[in-house]
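The values are calculated or read from the model by the stated rules, or taken from the named source; none is laboratory data. Quick caveat: nothing in here was measured; it's all calculated off a predicted structure. FYI the Cβ positions are ideal-geometry reconstructions off the backbone, even for glycines, and counts take in every protein chain you see. Just so you know, the surface numbers come from the protein's heavy atoms only, side chains and all, with ligands and any DNA or RNA stripped out. Shrake-Rupley method; radii C 1.70, N 1.55, O 1.52, S 1.80 Å.
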Amino acid sequence: MDLNDRELLEELIIESQEHLATLEPDLLALEKQPPAEESSELVNRIFRGIHSIKGGCGFLGLTTIQNLTHAMENVLMKVRSGKLEVTPVMVDVLLDGTDRVREMLDDIANAEQIDAADIYSRLEPFLAAETTAESSAAGPAAEAPAPTETATPKTSGYIPLGPPPAKLVSEEPEVLNEPAAQAPVPEPPRPAAKAAAAVRGTGHDVLRVKVDLL
(Lines give C-alpha, C1' and ligand atoms only; values in the text may rest on other atoms or scores of the structure.)
Protein backbone atom coordinates (compact mmCIF):
# COMPACT_ATOMS: atom_id res chain seq x y z
CA MET A 1 0.00 0.00 0.00
CA ASP A 2 1.50 3.32 -1.07
CA LEU A 3 1.43 6.57 0.86
CA ASN A 4 -1.72 7.88 -0.84
CA ASP A 5 -3.61 4.70 -0.04
CA ARG A 6 -2.51 4.90 3.57
CA GLU A 7 -3.83 8.44 3.84
CA LEU A 8 -7.14 7.40 2.32
CA LEU A 9 -7.32 4.45 4.70
CA GLU A 10 -6.71 6.64 7.70
CA GLU A 11 -9.41 9.07 6.59
CA LEU A 12 -11.79 6.17 6.04
CA ILE A 13 -11.16 4.78 9.50
CA ILE A 14 -11.80 8.17 11.09
CA GLU A 15 -15.00 8.79 9.15
CA SER A 16 -16.25 5.25 9.79
CA GLN A 17 -15.67 5.55 13.51
CA GLU A 18 -17.59 8.83 13.49
CA HIS A 19 -20.53 7.07 11.83
CA LEU A 20 -20.33 4.25 14.38
CA ALA A 21 -20.42 6.81 17.20
CA THR A 22 -23.87 7.97 16.02
CA LEU A 23 -25.20 4.54 15.09
CA GLU A 24 -25.28 3.16 18.63
CA PRO A 25 -27.46 5.90 20.22
CA ASP A 26 -29.76 5.92 17.19
CA LEU A 27 -30.23 2.14 17.42
CA LEU A 28 -30.99 2.39 21.13
CA ALA A 29 -33.54 5.13 20.41
CA LEU A 30 -35.08 2.99 17.66
CA GLU A 31 -35.45 0.06 20.06
CA LYS A 32 -37.85 2.14 22.17
CA GLN A 33 -40.26 2.22 19.22
CA PRO A 34 -40.77 5.98 18.92
CA PRO A 35 -43.59 7.52 16.81
CA ALA A 36 -43.64 6.66 13.14
CA GLU A 37 -42.13 9.92 11.92
CA GLU A 38 -39.26 9.81 14.40
CA SER A 39 -38.71 6.11 13.78
CA SER A 40 -38.49 6.69 10.02
CA GLU A 41 -35.91 9.44 10.54
CA LEU A 42 -33.80 7.19 12.78
CA VAL A 43 -33.90 4.31 10.32
CA ASN A 44 -32.83 6.57 7.46
CA ARG A 45 -29.94 8.02 9.48
CA ILE A 46 -28.71 4.58 10.55
CA PHE A 47 -29.01 3.34 6.99
CA ARG A 48 -26.94 6.24 5.60
CA GLY A 49 -24.20 5.70 8.18
CA ILE A 50 -23.84 1.99 7.43
CA HIS A 51 -24.03 2.67 3.69
CA SER A 52 -21.17 5.18 3.90
CA ILE A 53 -18.96 2.70 5.78
CA LYS A 54 -19.73 -0.01 3.23
CA GLY A 55 -18.93 2.23 0.26
CA GLY A 56 -15.60 3.45 1.65
CA CYS A 57 -14.42 -0.03 2.62
CA GLY A 58 -15.47 -1.43 -0.75
CA PHE A 59 -13.47 1.30 -2.50
CA LEU A 60 -10.30 0.33 -0.61
CA GLY A 61 -10.88 -3.42 -0.90
CA LEU A 62 -11.73 -4.09 2.75
CA THR A 63 -14.14 -6.87 1.82
CA THR A 64 -14.71 -8.22 5.33
CA ILE A 65 -16.13 -4.91 6.56
CA GLN A 66 -17.88 -4.30 3.26
CA ASN A 67 -19.74 -7.63 3.34
CA LEU A 68 -20.82 -7.27 6.96
CA THR A 69 -22.11 -3.74 6.54
CA HIS A 70 -23.84 -4.79 3.31
CA ALA A 71 -25.83 -7.45 5.18
CA MET A 72 -26.80 -4.94 7.86
CA GLU A 73 -27.78 -2.43 5.20
CA ASN A 74 -30.10 -4.95 3.51
CA VAL A 75 -32.00 -5.49 6.77
CA LEU A 76 -32.49 -1.76 7.19
CA MET A 77 -33.56 -1.44 3.57
CA LYS A 78 -36.42 -3.85 4.25
CA VAL A 79 -37.42 -1.80 7.28
CA ARG A 80 -37.47 1.34 5.14
CA SER A 81 -39.65 -0.33 2.50
CA GLY A 82 -42.11 -1.61 5.11
CA LYS A 83 -41.30 -5.31 4.59
CA LEU A 84 -39.92 -5.68 8.13
CA GLU A 85 -40.79 -4.14 11.47
CA VAL A 86 -38.21 -3.09 14.01
CA THR A 87 -37.94 -5.54 16.91
CA PRO A 88 -35.63 -5.74 19.95
CA VAL A 89 -33.98 -8.82 18.41
CA MET A 90 -33.20 -6.88 15.25
CA VAL A 91 -31.76 -3.95 17.16
CA ASP A 92 -29.57 -6.28 19.24
CA VAL A 93 -27.98 -7.91 16.22
CA LEU A 94 -27.42 -4.55 14.55
CA LEU A 95 -25.74 -3.24 17.69
CA ASP A 96 -23.50 -6.31 17.79
CA GLY A 97 -22.76 -5.81 14.12
CA THR A 98 -21.60 -2.23 14.69
CA ASP A 99 -19.35 -3.46 17.55
CA ARG A 100 -17.81 -6.03 15.20
CA VAL A 101 -17.19 -3.39 12.53
CA ARG A 102 -15.54 -1.17 15.13
CA GLU A 103 -13.32 -4.07 16.14
CA MET A 104 -12.25 -4.56 12.52
CA LEU A 105 -11.53 -0.85 12.06
CA ASP A 106 -9.46 -0.74 15.22
CA ASP A 107 -7.30 -3.60 13.91
CA ILE A 108 -7.46 -2.87 10.23
CA ALA A 109 -4.32 -4.86 9.43
CA ASN A 110 -5.98 -8.05 10.70
CA ALA A 111 -9.57 -7.17 9.78
CA GLU A 112 -9.74 -10.04 7.29
CA GLN A 113 -9.09 -12.57 10.07
CA ILE A 114 -11.85 -11.30 12.36
CA ASP A 115 -14.78 -13.70 12.20
CA ALA A 116 -18.34 -12.41 11.81
CA ALA A 117 -20.13 -15.71 11.15
CA ASP A 118 -22.25 -15.38 14.28
CA ILE A 119 -23.50 -11.95 13.17
CA TYR A 120 -24.39 -13.30 9.74
CA SER A 121 -26.33 -16.21 11.23
CA ARG A 122 -28.39 -13.83 13.35
CA LEU A 123 -29.05 -11.50 10.40
CA GLU A 124 -30.10 -14.36 8.14
CA PRO A 125 -33.71 -14.68 9.45
CA PHE A 126 -34.31 -11.01 8.67
CA LEU A 127 -32.68 -11.32 5.24
CA ALA A 128 -34.84 -14.35 4.40
CA ALA A 129 -38.02 -12.86 5.84
CA GLU A 130 -38.97 -11.17 2.58
CA THR A 131 -39.89 -14.40 0.83
CA THR A 132 -41.97 -15.59 3.77
CA ALA A 133 -43.74 -12.24 4.13
CA GLU A 134 -44.56 -12.03 0.46
CA SER A 135 -45.81 -15.62 0.37
CA SER A 136 -48.09 -15.13 3.36
CA ALA A 137 -49.38 -11.85 1.96
CA ALA A 138 -50.17 -13.45 -1.35
CA GLY A 139 -52.15 -16.26 0.30
CA PRO A 140 -53.55 -19.19 -1.66
CA ALA A 141 -53.87 -18.73 -5.34
CA ALA A 142 -57.09 -17.03 -6.15
CA GLU A 143 -59.50 -19.25 -7.99
CA ALA A 144 -60.81 -18.05 -11.28
CA PRO A 145 -64.39 -16.80 -10.95
CA ALA A 146 -67.03 -19.13 -12.29
CA PRO A 147 -68.34 -18.07 -15.66
CA THR A 148 -71.60 -16.24 -15.38
CA GLU A 149 -74.54 -17.32 -17.50
CA THR A 150 -75.83 -14.81 -19.95
CA ALA A 151 -79.38 -13.88 -19.08
CA THR A 152 -81.90 -14.72 -21.81
CA PRO A 153 -84.06 -11.70 -22.63
CA LYS A 154 -87.70 -12.19 -21.73
CA THR A 155 -90.24 -12.27 -24.55
CA SER A 156 -94.01 -12.37 -24.76
CA GLY A 157 -93.97 -16.10 -24.06
CA TYR A 158 -93.23 -17.56 -27.51
CA ILE A 159 -89.68 -17.96 -28.78
CA PRO A 160 -89.53 -19.07 -32.43
CA LEU A 161 -87.07 -21.90 -32.85
CA GLY A 162 -87.34 -22.29 -36.65
CA PRO A 163 -89.37 -21.16 -39.65
CA PRO A 164 -92.99 -20.17 -38.94
CA PRO A 165 -95.69 -22.88 -39.24
CA ALA A 166 -97.20 -23.38 -42.67
CA LYS A 167 -100.61 -22.18 -41.56
CA LEU A 168 -99.17 -18.83 -40.64
CA VAL A 169 -97.93 -18.28 -44.20
CA SER A 170 -100.41 -16.37 -46.38
CA GLU A 171 -102.00 -18.60 -49.04
CA GLU A 172 -103.03 -15.74 -51.31
CA PRO A 173 -100.98 -15.66 -54.53
CA GLU A 174 -98.76 -12.76 -55.02
CA VAL A 175 -100.41 -10.14 -57.24
CA LEU A 176 -98.11 -9.11 -60.06
CA ASN A 177 -98.41 -5.74 -61.65
CA GLU A 178 -99.96 -6.20 -65.16
CA PRO A 179 -99.63 -3.61 -67.92
CA ALA A 180 -102.67 -1.36 -68.46
CA ALA A 181 -105.09 -2.48 -71.20
CA GLN A 182 -104.73 -0.51 -74.45
CA ALA A 183 -107.71 0.76 -76.51
CA PRO A 184 -108.42 -1.33 -79.70
CA VAL A 185 -107.03 0.14 -82.89
CA PRO A 186 -109.69 0.36 -85.73
CA GLU A 187 -108.92 -1.64 -88.83
CA PRO A 188 -108.32 0.29 -92.05
CA PRO A 189 -111.26 0.18 -94.60
CA ARG A 190 -111.16 -2.48 -97.28
CA PRO A 191 -110.46 -1.40 -100.91
CA ALA A 192 -113.77 -2.79 -102.25
CA ALA A 193 -115.70 -0.73 -99.86
CA LYS A 194 -113.80 2.36 -101.02
CA ALA A 195 -114.72 1.65 -104.67
CA ALA A 196 -118.34 1.06 -103.89
CA ALA A 197 -118.47 4.25 -102.00
CA ALA A 198 -116.98 6.10 -104.97
CA VAL A 199 -119.56 4.67 -107.37
CA ARG A 200 -122.40 5.50 -105.11
CA GLY A 201 -121.06 8.94 -104.70
CA THR A 202 -121.52 9.87 -108.50
CA GLY A 203 -125.30 9.85 -108.36
CA HIS A 204 -125.64 8.28 -111.92
CA ASP A 205 -126.55 4.66 -112.75
CA VAL A 206 -124.05 2.88 -114.94
CA LEU A 207 -125.32 0.61 -117.74
CA ARG A 208 -123.20 -2.28 -118.55
CA VAL A 209 -123.67 -3.57 -122.24
CA LYS A 210 -122.12 -6.66 -123.69
CA VAL A 211 -120.16 -5.69 -126.85
CA ASP A 212 -120.38 -9.08 -128.56
CA LEU A 213 -124.19 -8.78 -128.88
CA LEU A 214 -124.05 -5.65 -131.05
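Here are the numbers for the structure shown:
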item: Linear extension gain, residue 122 paired with residue 33, 0.36 nm per residue minus alpha-carbon span; result: 30.0 nm
item: Simple label model, 7 Å out from Cα along Cβ direction - residue 8 to residue 106, nm; result: 2.7 nm
item: Residue-normalised accessible area of region 8-70, expressed per residue, 1.4 Å probe, Å²; result: 54 Å²
item: Efficiency of FRET from Cβ geometry, residue 85 and residue 63, R₀ 30 Å, rounded to 0.05; result: 0.45
item: Centre separation in Å (Cα based) which lies between region 1-45 and region 68-123; result: 12 Å
item: Percent carbon-and-sulfur accessible area, region 1-129, ignoring ligands, DNA and RNA, probe 1.4 Å; result: 52 percent
